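Novice: One structure is given below, represented as structure tokens, and several questions about it will come after.
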Amino acid sequence: MLNPQLTQDGRLRHLLTLDGLPKSILAEILDIAAPFTDVAEREVKKLPLLRGKSVFNVFFENSTRTRTTFEIAAKRLSADVINLNVSTSSTSKGETLLDTVDNLCAMGADMFVMRHASSGAPYLLAQHLRATGRDHISVVNAGDGRHAHPTQGLLDMYTIRHYKQDFTRLTVAVVGDVLHSRVARSEIAALTTLGVPEVRVIAPKTLLPTDVERMGVRVFHNMEEGLKGVDVVMMLRLQNERMQGALLPSSQEYFKFYGLTQEKLALAAKDAIVLHPGPMNRGVEIDSAVADGANAVILPQVTFGIAVRMAVMSMLAAGN
Amino acid sequence: MNLPDANQLRDLLVEQIRAAIKPETLIIGIHSGGAWVAEYLHRQLGVATPLGTLDVAFYRDDYASRGLHKSRKSTIPVDIEGRDVILVDDVLYSGRTTRAALNEIFDYGRPARVDLAVLIDRGGRQLPIAARFCAHVLAAPLPPESKLSLQRDDAGNFSLEVKSA
């Protein structure tokens, strides 16, 4: 089957998920991102790669960090950026997703960056563009439901590579609410594709998908055991707003068993790095002492996120 | 075809440039052949200012068809504002690389002047660009399907190579 994310000659057409994306493309994105990290230090913080292109940030769900870093990335590439917070506009008046998109295409969109609460919404958009002969317009998934958040996964990989260089010697633990986390799915897909020999997930049973082992991970319910000797700790946010029903007794109890404290982190490798996609719930999944500590690389993640998003957008512009 | 000896050309270029070098002059080489030439000039001329390098991939007008592979970091080690710059490339052809390099340089600041130095001019310009320093001009322009490039061996010796597509 043809991967809808790739052109016939194997270039990136859309970025919808990291699942099934070849290692060569993942590595290429990380390689291309590297020189973009320097742009912020220049007199003119701009490159001309997306000059004259219109990038529409269409967010059907709230976001600050992701939307802002996409906006900065597009602007550093000289694109015109239009931000739409659709949760407060037409759809609330009853317009369908595809009608909204058709209208934005009529306004001259070249690229959509889309976040949606429903898994698969960016696929629907990509399919619709193809079916209506507008294949030259690219779609970047900025998070869809519980499914995927590919640029977050990529910036995490960039961060890991920056600090640890070689993926093939690492033990990585993904900790927390895997069940509701699109970030976890993208991270695990990328880690396994890039050749990390041991990916662990650490979570209570109620916060794991039933078929989690099929993703090629080792499952731990005990955090102390799971953290032993790991090189990278990838924390997940406890998704309060996605939590339906009583999956957890209380956030205090969650912190006691699955919150990352200095004591628990001491079980990991001495030079282990701690990642978190943000926004953090201090005192729920992560202790402030760790979040602000020497092992945390949470703010560099944000900075690298701009370069990685620049890489994705310029590759899409080149591929289409 | 007979190509000139690239090692002789680089020494010719050193002599051409020598009078134009001031302590503040910044030499910038364009990846990858131009950077090799720039490195040689920088060493032979004993230039005090550290060497700069550019990868103009992000500034090319044809990046969509060439792709973004193999791009490297551009390094401009000093403030470019008000400085004399000598931009170095191995082969001068359409002038598009030079145009891209000029655009990138101006994103770092406003130099006082920029001169272009090349090892060899193969003809076929598509833009109004000329080199102030040029060690050799081919008597007849190479046809567009030919690719002229600079090679450097492990001992640091240069040679020119023509490939026809």
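Read-outs: derived from the displayed coordinates by stated rules, not from any lab. This one's a predicted model, so the numbers in the text were calculated from it and none came from an experiment. Cβ placement follows ideal geometry from the backbone for every residue including glycine, while neighbour counts extend to all protein chains displayed.
Novice: Can you tell me the relative contact order of the range A:150-301? Whole percent, Cα pairs under 8 Å, sequence separation 6 or more.
Specialist: Details: 272 pairs, mean separation 37.4, N = 152.
Once normalised by length, the contact order is 25 percent.
Novice: What distance in nm lies between label points placed 7 Å from Cα along the C-beta direction at A:Asn62 and B:Ser146?
Specialist: It works out to 6.6 nm between the two label points.
Novice: Counting only residues 5 or more places away or on other chains, whose amide H sits under 5 Å from the amide H of A:Met234 once H atoms are built in the peptide plane?
Specialist: Hits under the 5 Å cutoff: A:Ala173, A:Val174, A:Val175, A:Leu275.
Novice: In nm, to one decimal, how far is the A:Lys270 label point from the A:Leu299 one, both placed 7 Å along Cα→Cβ?
Specialist: 2.6
Novice: Considering chain A as a Gaussian network with a 10 Å cut-off on Cα pairs, which listed residue, A:Gly226, A:Gly278, A:Gly293, attains the greatest mean-square fluctuation?
Specialist: A:Gly293
Novice: Here's another thing I want to ask about it. Report the charge-dipole magnitude of the range A:150-301 in Debye, nearest 20, computed about the Cα centre from +1 at each Lys and Arg Cβ and -1 at each Asp and Glu Cβ. Don't skip to the answer; put the middle values down first.
Specialist: Details: 16 positive and 17 negative charges, 41 e Å.
Charge dipole, the range A:150-301, about its Cα centre: 200 debye, nearest 20.
Novice: Provide the FRET efficiency to the nearest 0.05 for the B:Ala19-A:Lys46 pair, computing r from the beta carbons and using R0 = 35 Å.
Specialist: Details: r = 36 Å, r/R0 = 1.03.
It comes to 0.45.
Novice: Can you give the Rg to Rh ratio for the range A:131-225, taking only C-alpha atoms and Rh from Kirkwood? Provide the component values of the computation, followed by the final result.
Specialist: On the way: Rg = 15.0 Å, Rh = 14.4 Å.
Value, to two decimals: 1.05.
Novice: Now for a different question. Determine the principal axes of the Cα atoms in chain A, then give the extent along each, sorted from largest to smallest and rounded to whole angstroms.
Specialist: Result for chain A: principal-axis Cα extents of 55, 44, 41 Å.
Novice: Can you tell me the convex hull volume per residue for the range A:150-301, based on C-alpha atoms, in Å³ to the nearest whole number? Please list the in-between numbers first.
Specialist: On the way: hull volume 14.8 nm³, N = 152.
Enclosed volume per residue, from the Cα hull, is 97 Å³.
Novice: Okay, moving on. Suppose we look only past 21 Å in the calculated P(r) of chain B. What percent of the Cα-Cα pairs does that tail hold? Present the calculation step by step, with values, prior to reporting the outcome.
Specialist: Numbers: 5936 of 13530 pairs.
Value for chain B (Cα pairs over 21 Å): 44 percent.
Novice: If I histogram all Cα-Cα distances within the range A:243-320 using bins 10 Å wide from 0, what percent of pairs lands in each bin?
Specialist: Bins of 10 Å from zero give 16, 35, 25, 17, 7 percent of pairs.
Novice: Taking Rh as the Kirkwood radius computed over C-alpha pairs, what is the Stokes-Einstein D of the range A:5-65 at 20 °C in a medium of viscosity 1.002 mPa s, expressed in µm² per second? Present the calculation step by step, with values, prior to reporting the outcome.
Specialist: Values: Rh = 14.6 Å.
Stokes-Einstein gives a translational diffusion coefficient of 147 µm²/s.
Novice: Listing A:Asp292, A:Asp31, B:Asp154 from the residue with the fewest other Cβ atoms within 10 Å to the one with the most, what is the order? Before the final figure, lay out the partial values.
Specialist: Working: A:Asp292 12, A:Asp31 17, B:Asp154 5.
Ascending number of Cβ neighbours within 10 Å: B:Asp154, A:Asp292, A:Asp31.
Novice: Say we join alpha carbon atoms closer than 10 Å with springs in a Gaussian network model of chain A; which of A:Thr210, A:Thr192, A:Thr159 then has the biggest fluctuation?
Specialist: Of A:Thr210, A:Thr192, A:Thr159, the most mobile in the Gaussian network model is A:Thr210.
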